[in-house]
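So the structure is just underneath, and the comments pick up after that.
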Amino acid sequence: MFSCPNCKTVLKRVKSRFGIFWVCPACKGRAITLEVIRKVIPKQLVNKLWQRTLSGEFMQKRNCPSCVLPMSEIPLSNNEHTVYLDVCPKCHIIWFDNNEYQQLPKIPVEAGFEDKLTPQQREKLAVAEIEFYKEKQEFEDELEKTSDGLIDLIFPFWKLLKLFI
């Protein structure tokens, strides 16, 4: 059970497409592991943060939400802003106070092919998928009706193949 280093509130576990992180329902801070943040923040910035953490030259203020050991307060400059992030070298957890996460640059997320489709193209794709599954079901129904054993002779692995279709 993780607790907020600011207000000691129990953190809420959140699952995203990048991984799991924890949010404080009271102060809106968040704890994110180094492994997850590497998927979101540019590599150069994350490496700089981690190297500074391992250097041991930065003040330790707050306790880690996980292991409760002191975290290093690491300054990160991004254009005209400097953000001070608390990092636990033991747990690989980075603590973001409210709005600190939003101030850092993010790796651009590539849109999936469906995100690039127009509404008309999405509709056509959906209709095509429905037709495909309808025809597949009709084909399977016809095979079920065949009782002369011809299908078993022609398609001896049909039942096995059906598991993968």
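One residue alone among 134, 90 is at pLDDT 70 or above, assigned to a helix (DSSP H, G or I) and not small (Gly, Ala, Ser), and that residue is 134. For segment 36-60, a residue qualifies if it is among the aromatic types (Phe, Trp, Tyr) and assigned to a loop (DSSP other than H, G, I, E, B), and exactly one does: 58.
Rundown of residues vs (1) closer than 21 Å to residue 99 by Cβ; (2) surrounded by 13 or more Cβ atoms within 10 Å (Cβ to Cβ), yes/no style:
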site: 11; (1), (2): yes, yes
site: 17; (1), (2): no, no
site: 21; (1), (2): yes, yes
site: 24; (1), (2): yes, yes
site: 32; (1), (2): yes, yes
site: 47; (1), (2): no, no
site: 62; (1), (2): yes, yes
site: 66; (1), (2): no, yes
site: 72; (1), (2): yes, yes
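The values are calculated or read from the model by the stated rules, or taken from the named source; none is laboratory data. Remember, it's a predicted structure, so these values are computed and weren't measured experimentally. Because the Cβ atoms are built from the backbone with ideal geometry, glycine has one as well, and the counts that use them run over all protein chains shown.
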